[in-house]
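The next block holds one structure in the form of structure tokens; read it before the comments.
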Amino acid sequence: MRIPIIAGNWKMNTNVDEAIRLVESMLDGLEAVPGVERVLCPPFVSLTYVSDLLVETSIRLGAQNMYPADKGAYTGEISPGMLKGLCQYVILGHSERRQYFGETDEFVNRKVHTALTHDLVPIICIGETLAENEAGQTAAVVTRQARGVLAGLNGDQVSRVVMAYEPIWAIGTGRPATGEGANQVIGLIREVAAGLAGPGPAQALRIQYGGSVTGDNAAEFMGQPEIDGALVGGASLKADQFVRIVQTTAQAKGV
Ligand code: PGA
């Protein structure tokens, strides 16, 4: 059975004080739901502080990005070695990274390999644009992206990574996909993974849905068999909403 995983992507929000307060306001609520893997992804500068707060808890920490080199002259970038010891997860290939910083599937794939080498679990994001969706290209786009970001991974690695299907038109718009629609695309991603790494690793691979998930609509997604959790943006900045999403996930998955 795949352990459900809910990750909060705080994006470029909260200073250190705000990050500490936000964690403190959700800690007890999150701790009460151990059957779901819970991951917080605050901005880089807050990772150390949040890590200290999470030390004796079952809540995991993730970064929002990483550069695919061990060290060197890459001004402003953060290496996997800097994250290791602080974080267990790292979000890679988020659509905002692709859109504003020109990241490609090939570059994201390099990051995935580097993260795994350093024992960081990547949460790898893919998803189609509104134009692609409306042109009926979702399956083709998502298949191409999944093949690209998973290229060269062996079965063991595919079973360890987390993927997030995030249709770009659903991110931050208050206009989520339907549970059924997301379930169908995520099933397709699992088929692509099976084609690359075999059915066993594809069955172990956890795939989240992301895009305007809230406490109100989480049940629709978590009730779907292919959907193993959520990558949550806006609602992860509200303690009550984020805790409710985790609680709803535990109920829907029976954990
Ligand atoms: P959202 O963001 O929940 O605010 O739509 C999701 C994401 O970008 O991961």
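Remarks
- Each 10 Å bin, from zero up to the one with the longest distance, holds this percent of the alpha carbon pairs of the stretch 202-249: 30, 55, 14, 1.
- Long-range HN-HN contacts of L92 with modeled amide H, under 5 Å: I123, I124, C125
- Neighbourhood net charge (14 Å Cβ-Cβ; Lys/Arg +1, Asp/Glu -1) for V243: -2
- Percent of C-alpha pairs per 10 Å bin, the chain, short to long: 8, 34, 39, 18, 2
- The accessible surface of the chain, taken with every protein chain in place and a 1.4 Å probe, is 51 percent carbon and sulfur.
- The chain: calculated mean residue ellipticity at 222 nm from DSSP helix runs of at least 4, using -39500 (n - 2.57): -13500 deg cm²/dmol
- Whichever lysines have a C-alpha closer than 29 Å to that of K84, once near sequence neighbours (fewer than 8 apart) are set aside: K11, K71, K111, K238
- Over all pairs of different C-alpha atoms in the stretch 83-219, the reciprocal of the mean inverse distance, the Kirkwood hydrodynamic radius, equals 15.1 Å.
- Here, P(r) means the percent of Cα pairs in each 5 Å bin from 0 to the largest distance; for the stretch 36-146 it is 2, 12, 20, 21, 18, 12, 9, 5, 2, 0.
- Nitroxide proxy distance, nm - points 7 Å out along Cα→Cβ at F101 and A219: 3.8 nm
- Charge tally for V90 (other residues, Cβ to Cβ under 14 Å; Lys, Arg +1; Asp, Glu -1): +3.
- In the stretch 1-90, the chymotrypsin sites (Phe, Trp or Tyr not before Pro) that fall in loop regions by DSSP, at most 11 other Cβ within 10 Å: Y74
- For the stretch 200-237, the residues whose backbone nitrogen is under 16 Å from a point 7 Å from the Cα of T173, taken along Cα to Cβ, are 210-214, 233-234.
- Extension gain (nm, one decimal) between Q203 and D240, 0.36 nm per residue minus Cα-Cα: 10.1 nm
- Compactness index (Cα Rg / 2.2 N^0.38 Å), the stretch 158-255: 1.05
- Surface exposure of the chain, expressed per residue as accessible area with a 1.4 Å probe, stands at 43 Å².
- Distance between the 7 Å Cα→Cβ label points at M12 and T75: 1.8 nm.
- Extension gain (nm, one decimal) between A32 and Q251, 0.36 nm per residue minus Cα-Cα: 77.6 nm
- For the stretch 109-186, the spherically averaged projection of the C-alpha convex hull amounts to 5.6 nm².
- Normalised by the number of residues in the chain, the average gap of Cα pairs under 8 Å and 6 or more apart makes the relative contact order 21 percent.
The values are calculated or read from the model by the stated rules, or taken from the named source; none is laboratory data. Quick caveat, the model's predicted, so the values are computed rather than measured. In this analysis, Cβ positions are derived from the backbone assuming ideal geometry, glycine residues included, and neighbour counts consider all displayed protein chains. These area figures cover heavy atoms from the full protein model, side chains too; ligands, DNA and RNA do not enter into them. Shrake-Rupley method; radii C 1.70, N 1.55, O 1.52, S 1.80 Å.
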